[in-house]
Every structure is written in C-alpha cells, then in structure tokens.
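Q: Next up is a structure, given as structure tokens.
The values are calculated or read from the model by the stated rules, or taken from the named source; none is laboratory data. Only a predicted model underlies this, so the values are computations on that prediction, with no experimental measurement involved. Backbone-built Cβ (ideal geometry, glycine too); neighbour counts: all protein chains shown. Side chains included, ligands, DNA and RNA excluded: accessible areas come from the protein's heavy atoms. Shrake-Rupley method; radii C 1.70, N 1.55, O 1.52, S 1.80 Å.
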Amino acid sequence: MARTPYEGPAHRFEPARLDSGGPGLSRRTRLLLGAGAAVAILAVAALIVLRPAPPSPAGAVRDYFEHLAAGDTAAALALVDSGESYTPRAAPLLVAAALADPANRPGGLTVTATEEPEGGGPYSTVTATYKLGGQTVEQLFAVVATPDEQPPYRLERPFLTLTAQVPGGLATTVNGVAVDGAALAQGTPAFPGVYTGTTSGNALFAGGTRAATVRSDGQGARAEIAFGAPAVAPGAPKAVQTAVEEYLDRYCINGPVTSQCPLRGAPYKAYGQQTTWAITTYPQVQLNPDSSGRVQVAFATATEGSAAYTVTWSDSSGAPQTATGTVPVTARGYASLGNDGTITISLGY
C-alpha cells in the first residue's frame with residue numbers, strides 16, 4: 001500500500017515483557033532492602049514486647065516495689081488505698097527519709113501467686129517475696145480494684161508493722177527519723193525495708209542501737225526492735241547519789257519532817273515533841289545494773305551515813321527539855337526518770 005504524504009516510517013512494537021534473565025537490582029540494593037525489612041520486623045517485635053502490660057493486681061504490687069527501690073516513697077504511697085490519710089504525724093516512717101539509704105530499701109521482688117476476688121468481691125490477693133538485706137520475706141498483699149480512678153488498682157495497707165518497747169522514756173529515732181515511744185509500743189506502719197532504732201542517752205540510762213527483726217507468717221509482716229533493758233549511763237551512779245542526798249534534804253532537813261523522811265531512831269519523850277535532823281554523813285549508794293528495768297534501776301547502801309537528831313519537849317512542869325543523839329542512815333530503793341527528764345527517787349525499807 002502506498003504511503004500518503006507526511007506519513008512516517010512504518011514500525012512494529014513488541015509488547016512489553018519481564019525478562020528475568022536480563023539486568024535487575026544490584027546485590028547491594030538487594031542487601032539494603034533485606035536489611036530494611038529486618039529492621040522493620042524487629043521494630044514491630046520490640047513494640048509488641050515493650051508495650052506496657054495492662055494494669056493488674058500483680059502489676060500494682062510491682063509498681064509499688066519499684067517506687068520503693070528508687071526511694072520514691074511519695075509515688076509508692078500514691079498506690080496505697082487512702083494513702084493520703086497517712087500523714088507524717090500519724091505515720092512518721094512513711095516518708096522518704098526512712099528509706100534514704102539505698103541499703104535499707106527492698107529489692108528482688110518475685111510475685112508467686114495471684115488470686116482473683118471471690119464472689120465478685122473488690123479485693124484480689126497477691127503473694128510475693130522480696131529481699132530485705134540478706135533476708136527473704138514473704139508477704140500477702142490485698143489489692144482493691146478502682147476502675148473509675150487512677151491508678152485502677154491500689155494496695156490495702158502494704159506495710160510492715162514496726163514495734164518497739166523504748167526503755168526509760170528515751171528519745172528514739174528509727175533510720176534517723178524521730179518516732180514517739182508510745183507510737184512504737186502500739187505499732188506504727190512502715191514501708192517494707194530494713195530498720196534500725198537508736199535511743200539517746202540521759203542521766204540514768206545509756207543509749208543504744210538495735211536492728212529490727214522482720215517476721216512473716218506468709219500473710220502479714222512485722223518488724224520488731226528489741227532494745228531490752230538499757231545499760232546504766234556512765235554518770236548515773238553520781239547522779240543517783242546526788243538525787244538521794246537531795247531527797248533526804250527535802251523531806252528530813254529543809255522544812256518540817258514528813259512521813260517521806262526515812263530517818264528513824266529519835267527517842268520518844270512526850271506527846272507533841274519536835275524532832276529536827278541534821279545529816280552528818282550521807283549514805284553512799286551503789287546501783288544494781290542487773291535489776292534495771294525499762295524505766296528504773298535499783299540502788300542500795302554501799303556505806304552507811306549518819307544523822308544527828310535534836311528532840312525538844314516540855315516536861316510536866318512546863319520546863320523545856322532537849323535530847324540529842326545520832327543514828328545510822330541507809331538508803332535503798334529505785335531511781336527512775338520523771339516526765340521532765342530528772343531522776344526521781346523512791347525509797348523502800
């Protein structure tokens with residue numbers, strides 16, 4: 001067929017096709033694409049692994065111990081049901097200062113069991129073990145669901161109950177925090193931790209330091225500081241001696257003789273006679289440390305003293321009469337601390 005003017009040359013085009021045998025992607029490109037795919041797969045896997053676990057009772061216990069291990073007691077207390085009610089005044093050990101030393105914080109938490117609430121109740125129970133220093137403690141934690149609040153689970157009293165009988169009314173600190181002796185006697189809440197109590201000395205008793213012992217029955221956990229009977233302070237013998245002398249002066253010498261005066265032996269001459277005393281030598285006392293209690297220490301006479309008496313009366317004719325003499329003086333009883341911190345003497349014969 002003849003071509004008309006302006007027609008171009010006739011061409012036939014083969015349909016496009018893929019030729020696997022022809023030139024393709026370079027080896028470097030294929031390696032890069034493969035590496036990118038591997039990175040994408042790892043990123044997805046990491047996202048799945050690192051995605052936070054959904055809230056749970058066991059998770060609330062783990063969070064609580066993580067905060068304690070970091071020393072963040074405020075965050076730990078925020079996980080406690082009604083945690084805002086535990087003020088430093090009511091619960092002096094629920095503060096950061098009590099766990100300021102990392103060595104006193106709990107660690108090594110392992111959740112061993114979780115039981116869901118029975119019968120639709122609000123409480124789950126989580127059993128866990130943790131380390132306090134070199135000791136393993138097992139404790140049962142009650143966890144209450146709070147679905148309409150944050151966090152959705154809170155712990156019910158997840159504390160140790162710390163008790164101590166403080167001797168002699170001594171001022172006491174636990175892990176450096178001042179704690180009232182009456183509160184310790186009744187038991188005060190404390191975060192799971194290692195606790196050491198220190199008593200300050202006074203005129204009668206020496207101070208001391210004791211570590212708490214933690215006991216757990218698998219349910220609750222208790223910590224006890226056993227101070228025991230206090231040692232007698234180095235200056236106590238002299239202080240008690242002075243207190244005995246002041247006692248004799250107060251009730252026998254300075255002012256009218258009262259029934260609390262231990263001096264005896266002046267002769268009876270007549271009804272209405274007047275007896276006055278003068279201490280010529282004070283008895284010297286010694287303390288008996290073996291009989292020391294938590295608030296008092298016994299003392300006895302080491303060396304007798306003496307006292308001079310003067311008795312005055314009127315005879316049947318109204319004439320004044322006088323009799324004088326001396327008697328031995330001993331002192332035996334107990335020394336204790338008054339509310340103002342001074343030594344109080346109680347004599348017993």
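Q: May I ask you to say which residue of TYR153, TYR86 is open to solvent by 50 Å² or more (accessible area, probe 1.4 Å) and modelled with pLDDT under 95?
A: Values: TYR86 fails: open to solvent by 50 Å² or more (accessible area, probe 1.4 Å).
After applying the criteria, what remains is TYR153.
Q: Take the residues of segment 157-179 that are open to solvent by 20 Å² or more (accessible area, probe 1.4 Å) and more than 10 Å from the chain's Cα centre (by Cα): which is nearest to GLU66 (Cα to Cα)?
A: ARG157
Q: For a quick check of your reading of the model, give me the residue pairs whose first member lies in segment 285-300 and is crowded, with 16+ Cβ neighbours inside 10 Å and small (Gly, Ala, Ser), whose second is in a loop (DSSP other than H, G, I, E, B) and at pLDDT 75 or above, with beta-carbon atoms closer than 6 Å and at least 6 apart or on different chains.
A: These pairs meet every condition: SER292/ALA229.
Q: Among what's in segment 201-216 and is free of Cβ contacts under 8 Å to residues at least 60 places away in the same chain and open to solvent by 50 Å² or more (accessible area, probe 1.4 Å), pick the residue that is farthest from PRO237 (Cα to Cα).
A: Filtering segment 201-216 for residues that are free of Cβ contacts under 8 Å to residues at least 60 places away in the same chain and open to solvent by 50 Å² or more (accessible area, probe 1.4 Å), the one farthest from PRO237 (Cα to Cα) comes out as ARG215.
Q: Quick one: count up the residues across segment 314-333 that are within 19 Å of TYR251 (Cβ to Cβ), in a strand (DSSP E or B) and either open to solvent by 40 Å² or more (accessible area, probe 1.4 Å) or in contact with a helix residue (DSSP H, G or I) (Cβ under 7 Å, 6 or more places away or on another chain) (or both).
A: Of segment 314-333, the ones within 19 Å of TYR251 (Cβ to Cβ) are 326-333.
From what is left, the residues that are in a strand (DSSP E or B) are 326-329, 333.
Narrowing further to those that are either open to solvent by 40 Å² or more (accessible area, probe 1.4 Å) or in contact with a helix residue (DSSP H, G or I) (Cβ under 7 Å, 6 or more places away or on another chain) (or both): 326, 328.
Result for segment 314-333: 2.
Q: Counting only residues that are of a type in the set (Gly, Ala, Ser) and assigned to a helix (DSSP H, G or I), which one in segment 224-281 is most open to solvent (accessible area, probe 1.4 Å)?
A: Pass one, segment 224-281, residues of a type in the set (Gly, Ala, Ser): 226, 228-229, 231, 233, 235-236, 239, 243, 255, 259, 265-266, 270, 272, 278.
Restricting the remaining residues to those that are assigned to a helix (DSSP H, G or I) gives 236, 239, 243.
Values: ALA236: 0, ALA239: 30, ALA243: 12 Å².
Result: ALA239.
Q: While we're on this one: Given the structure, is VAL111 in contact (Cβ under 8 Å) with a residue 24 or more places away in the chain, crowded, with 21+ Cβ neighbours inside 10 Å and either over 24 Å from GLN186 (Cβ atoms) or under 19 Å from the mean Cα position of the chain (by Cα) (or both)?
A: No.
Q: Which residue pairs have Cβ atoms under 8 Å apart, sit 6 or more places apart or on different chains, and have a first residue in segment 337-349 that is on the phi > 0 side of the Ramachandran plot and a second that is of a type outside the set (Val, Ile, Thr) and at pLDDT 80 or above?
A: Listed by first residue and then by second, the contacts come to GLY341/ASN202; GLY341/ALA203.
Q: Separate question: Look through segment 89-108, keep the residues that are small (Gly, Ala, Ser) and in contact with a strand residue (DSSP E or B) (Cβ under 6 Å, 6 or more places away or on another chain), and return whichever of them is surrounded by the fewest Cβ atoms within 10 Å (Cβ to Cβ).
A: To start, the set of residues in segment 89-108 that are small (Gly, Ala, Ser) comprises 90-91, 96-98, 100, 103, 107-108.
Within this subset, residues satisfying the condition of being in contact with a strand residue (DSSP E or B) (Cβ under 6 Å, 6 or more places away or on another chain) are 91, 97-98, 107-108.
Values: ALA91: 18, ALA97: 15, ALA98: 23, GLY107: 14, GLY108: 12.
Among residues in segment 89-108 that are small (Gly, Ala, Ser) and in contact with a strand residue (DSSP E or B) (Cβ under 6 Å, 6 or more places away or on another chain), the one surrounded by the fewest Cβ atoms within 10 Å (Cβ to Cβ) is GLY108.
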